[in-house]
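Colleague: Below is the structure I would like to discuss, written out as structure tokens.
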Amino acid sequence: MEKAQEWFNYGIELAKEFGPKLITAILIYIIGSWVIKKLISSLRQVMSKSKYDESLQKFLLNLLTWSLKVFLIILVISRLGVDVTTFAAVIAAAGLAVGLALQGSLSNFAGGVLIMIFRPYKIGDVIEAQGVLGVVKEIEIFTTKLTTPQNKLAIVPNGAMANGNIINYTAEGMMRVDITIGIGYDENIKNAKEVLLGVLTSNPKIMKDPAPSVNVSQLGESSVDLAVRPYCTPEDYWDVYFTTLENCKLALDDAGIEIPYPHSVEIHKES
């Protein structure tokens with residue numbers, strides 16, 4: 001009983017000494033988190049009204065949110081009685097080891113900053129980078145999120161994005177659709193070109209300027225290959241691609257123009 005009383009008294013002393021600090025630290029954290037949330041929400045509204053670029057807006061808000069949270073944690077720790085100077089020294093000492101361990105993350109952060117500065121792409125652009133083709137959904141501090149044509153989410157590190165090749169299909173406001181269609185060697189090339197051009201000019205989603213074109217691209221083994229080249233907006237690319245491919249086949253069939261296909265010849269030896 002005496003031992004239990006001693007522990008109880010010791011607990012009471014600890015509660016008296018650290019209780020107020022702990023309660024204050026918890027209140028600071030709760031109020032601080034609420035203030036950060038309200039501040040970020042207000043800044044988001046201001047940026048939206050000021051027509052800030054969506055990519056820059058999200059990047060800056062994410063960066064500010066994390067910075068404020070780190071400051072809040074340091075404030076809470078200092079309120080608990082931990083010497084902030086000592087704490088900072090410990091963080092600085094551990095910073096080198098953490099930095100070496102997180103070289104990739106630091107590179108991605110630097111890549112995100114470079115993307116925000118030089119703006120090779122923005123949210124909504126159709127790009128191809130690091131072997132991925134898709135629409136830019138979000139540019140975060142460390143990664144860029146793309147939505148692929150298969151509606152898959154691709155997450156690419158910003159370090160690789162900033163240091164690699166990027167093809168931005170949206171920057172010029174148009175994309176060229178590349179389709180190759182073969183016709184038989186006995187067919188009239190001029191007639192085939194007229195039929196295919198008719199398909200292109202009748203599609204309202206295909207641009208008039210630059211004008212679509214149909215040209216001989218190759219004399220193949222079994223066909224004369226025609227390069228069908230319409231232009232459209234990035235948003236209409238896949239619709240124009242599939243529609244043009246189908247309509248070209250139907251138009252050539254209606255015109256009686258043969259689209260050859262490989263034939264195999266079997267040789268039977270007489271026994």
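Each value in this text was obtained by applying a stated rule to the coordinates, not by laboratory testing. Quick caveat, the model's predicted, so the values are computed rather than measured. Please note: Cβ atoms are built from the backbone with ideal geometry, for glycine as well, and neighbour counts cover all protein chains shown.
Colleague: Cross-link candidates for K21: which lysines have Cα within less than 30 Å, leaving aside residues fewer than 8 places away along the same chain?
Modeller: Correct list for K21: K3, K37, K38, K69.
Colleague: Give, as a single signed number, the net charge of other residues whose beta carbon lies under 13 Å from the beta carbon of Y29, with Lys and Arg counted +1 and Asp and Glu -1.
Modeller: Neighbourhood net charge equals +4.
Colleague: Given Cβ point charges of +1 (Lys, Arg) and -1 (Asp, Glu) and nothing else, what value in debye, to the nearest 20, does the dipole of the range 134-192 about its Cα centre take?
Modeller: That gives the range 134-192 a dipole magnitude of about 180 debye.
Colleague: Could you tell me the ratio Rg/Rh of the range 201-261? Both radii from Cα atoms, Rh via Kirkwood.
Modeller: Taking Rg over the Kirkwood Rh, I get 1.00.
Colleague: Continuing with the same structure: State to the nearest 20 debye the size of the charge dipole of the range 108-262 about its Cα centre, where the only charges are +1 on K and R beta carbons and -1 on D and E beta carbons.
Modeller: Roughly 640 debye for the range 108-262.
Colleague: Could you sort 219-228, 106-115 so that the peptide with the highest average Cβ count within 10 Å comes first and the rest follow in order?
Modeller: The densest-packed peptide leads the list: 106-115, 219-228.
Colleague: If you keep only loop residues by DSSP, which chymotrypsin sites (Phe, Trp or Tyr not before Pro) in the range 169-271 have at most 14 other Cβ atoms within 10 Å of their Cβ?
Modeller: Y185
Colleague: Mind ranking 119-132, 243-256, 27-40 by how tightly packed they are, going by the mean number of other C-beta atoms within 10 angstrom, highest first?
Modeller: 119-132, 243-256, 27-40
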